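Working notes, structure below.
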Amino acid sequence: MGRIRIPREVANFLKQEGSQRLIVKGDAGTGKTIFVLSLLRYLSRYSQGVYVSTRVTHKDIYRYTPWVRDKIQKDNIIDATNPQGTLLSMESELKYNSAGDFVKIIADKCRLLEVLDMKYGCVIIDSWESLVANIPYPRTDGGIQLERTLIDLSKEMNVNLILTLETTASTRLDYVADGVVSMEKELINENRIRTMRLKKLRGVKITNPVYPFTLDGGKFQVLEPEPIYFEPKKSKRLRRIRPPTPNHVSSGIRDFDGLLGSGLKKGSLNLLEVGKGLGFSYIPFVTISVINALNTGMSAIVAVPEGINFSLLKERLVGPFVKPELYSNARVVEETYMPENELPSEVTPLRIARTHKDFLDLLEALRERLQRPTLQIIGMDNVEHKYGFSNIQSDLGRVSSQNRSSQDITVLVAKEGQQITPHLGHICDTHWRLETISKCLFMEGIIPKTGLYHIHFYDSTSGPAARLTPLL
């Protein structure tokens, strides 16, 4: 289960001096309740807060988000779903007959929990519409009187006030509040995408106005944009992830191995389709696999995709995370104009393969000279540019049969928009597509079919690593 992750702009907004009024709005099912509960937990590292539920009982909260029982104290959650009855200001079930009763019990609770003495204390009311509907008030005033009373209370007690609204439309509260965020959801290719839009956060620079997020594990986890180019730092140990069965090899990414079953199957042909707009952000997904293959005693052949070359692989992306004697099991095929007598022993110039058949013969010859099994990465963009679509298409049967008759693993890296890309999916055992949504990197399984997973690259003690988070 992942940890709670709040947009940095929202966190900075609530940590400003004085009290802030934040509106969290969205239609049913967009994740407002999980967000404000996660926000209460996040702020509890620094302060105290009160969560008032006017539409979901505390028993249901524990049932749907079990982590709340262990992470948020019971006294901080007030069940206000049944307003009728006598005023019991120090019980978990809040009874109130008027706006005055309600405000009094909130003030008493804040004093009891010493929220007033905390720098980032907060009162969360979920939801505003239910609260207004439950409290008797003069119809001529609507909810304005309660709204003013709560805002005055927030300012006087110096606590943040957070209200959830069951709408995405603009309301009068939007203009009164210091901050407004909107929770939204939509379907893209049968995948549900949840996003948070930062519409207003007074006093804070909004770097990213839209954040995708997931509710995996019943917790709010914002998904941060990946850098255009991830350059890993030197690690203390070497990455060695071994597969659970002798018929597979690890991709070097545990979460991806889980989606594959037990890792990359020996003799398999795998397609990694790179969507438009990714730039070089996908490259670590490829190089982590090469690092793990070399560190576990395999060989690796990289017919480089655009944006990668031998120098980059050896000096920055792969070489620093592999022992020098193990790196000798790597071969790079690239278009280079250096004289052959000046080329490093690990580099084979692409120019010696004049046709696509020559290219396949070249790869076969390299594999025969290396320790098996071999992980083979083929950048289909460079291959298509050099040999043309029709020549590659006529040889697809050979590509497929050669791989299946061996214990080697091949990953074809193809770009969206290439002529050959749609045809590769028909011969491959697995097909994975990378794409960006709101500047974030996602992966979707086409074969086998999966939902969307957010990809986050990071530096670990054993070198570059990746975490996949399901989009729920």
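Points to keep in mind about this one:
- Per this entry, Gly307 is counted among residues that are closer than 17 Å to Asn382 by Cα, of a type outside the set (Phe, Trp, Tyr) and either at pLDDT below 95 or in a loop (DSSP other than H, G, I, E, B) (or both).
- Only listed residue being in contact (Cβ under 8 Å) with a residue 60 or more places away in the chain, under 16 Å from Asp126 (Cα atoms) and crowded, with 20+ Cβ neighbours inside 10 Å, chosen from Ser38, Ser19: Ser38
Yes/no matrix, rows are residues, columns are (1) touching a Phe, Trp or Tyr at 6+ places or on another chain (Cβ under 9 Å); (2) assigned to a strand (DSSP E or B):
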| position | (1), (2) |
| --- | --- |
| Val180 | no, yes |
| Arg192 | no, yes |
| Arg197 | yes, yes |
| Val204 | yes, no |
| Glu226 | yes, no |
| Thr245 | no, no |
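- Residue satisfying condition, being within 30 Å of Ile437 (Cβ to Cβ) and surrounded by fewer than 21 Cβ atoms within 10 Å (Cβ to Cβ), within set Leu326, Leu375, Leu312: Leu312
Okay, residues lined up against (1) farther than 16 Å from Gln402 by Cβ; (2) under 33 Å from the mean Cα position of the chain (by Cα):
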position	(1), (2)
Thr296	yes, yes
Lys323	yes, yes
Tyr337	yes, no
Ser345	yes, no
Leu362	no, no
Arg372	no, no
Gly379	yes, yes
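- Annotation note: of Asp408, Asp381, the sole residue that is surrounded by 19 or more Cβ atoms within 10 Å (Cβ to Cβ), farther than 23 Å from Phe280 by Cα and touching a Pro at 6+ places or on another chain (Cβ under 9 Å) is Asp408.
- Residue ranges of helices (runs of 4 or more DSSP H) in region 1-67 with at least 3 members under 24 Å from the mean Cα position of the chain (by Cα) and within 25 Å of Val132 (Cα to Cα): 32-43
- Residue in region 423-431 that is part of a strand (DSSP E or B), surrounded by 19 or more Cβ atoms within 10 Å (Cβ to Cβ) and assigned by TED's automatic domain parsing to the domain that holds Ser299 present: yes
- Only one of Leu312, Leu326, Leu366 that is assigned to a helix (DSSP H, G or I) and touching a strand residue (DSSP E or B) at 6+ places or on another chain (Cβ under 6 Å): Leu366
- Pairing residues of region 190-217 that are without any contact (Cβ under 8 Å) to a residue 60 or more places away in the chain with residues that are not small (Gly, Ala, Ser), at Cβ distances under 6 Å and at least 6 apart in sequence or on separate chains, gives Arg197/Val210; Lys199/Val180; Lys200/Val180; Pro209/Leu198.
- Tally of residues being out of contact with any Lys or Arg (no Cβ under 7 Å at 6 or more places or on another chain), over 23 Å from Asp381 (Cα atoms) and crowded, with 24+ Cβ neighbours inside 10 Å across region 248-277: 2
- Test set (1) surrounded by 23 or more Cβ atoms within 10 Å (Cβ to Cβ); (2) in a helix (DSSP H, G or I) - Val333 fails condition number: (2)
- Residue in region 448-472 that is surrounded by the most Cβ atoms within 10 Å (Cβ to Cβ), counting only those that are in contact with a strand residue (DSSP E or B) (Cβ under 6 Å, 6 or more places away or on another chain) and assigned to a loop (DSSP other than H, G, I, E, B): Leu471
- Some residue of region 436-447 being among the charged types (D, E, K, R), at pLDDT 90 or above, over 29 Å from Phe310 (Cβ atoms) and surrounded by fewer than 17 Cβ atoms within 10 Å (Cβ to Cβ): no
- Entry remark, region 219-234: residues being over 15 Å from Glu9 (Cβ atoms) and at pLDDT below 90 number 9 in total.
The values are calculated or read from the model by the stated rules, or taken from the named source; none is laboratory data. All figures in this text were calculated on a predicted structure; none of them were measured in a lab. Because the Cβ atoms are built from the backbone with ideal geometry, glycine has one as well, and the counts that use them run over all protein chains shown.
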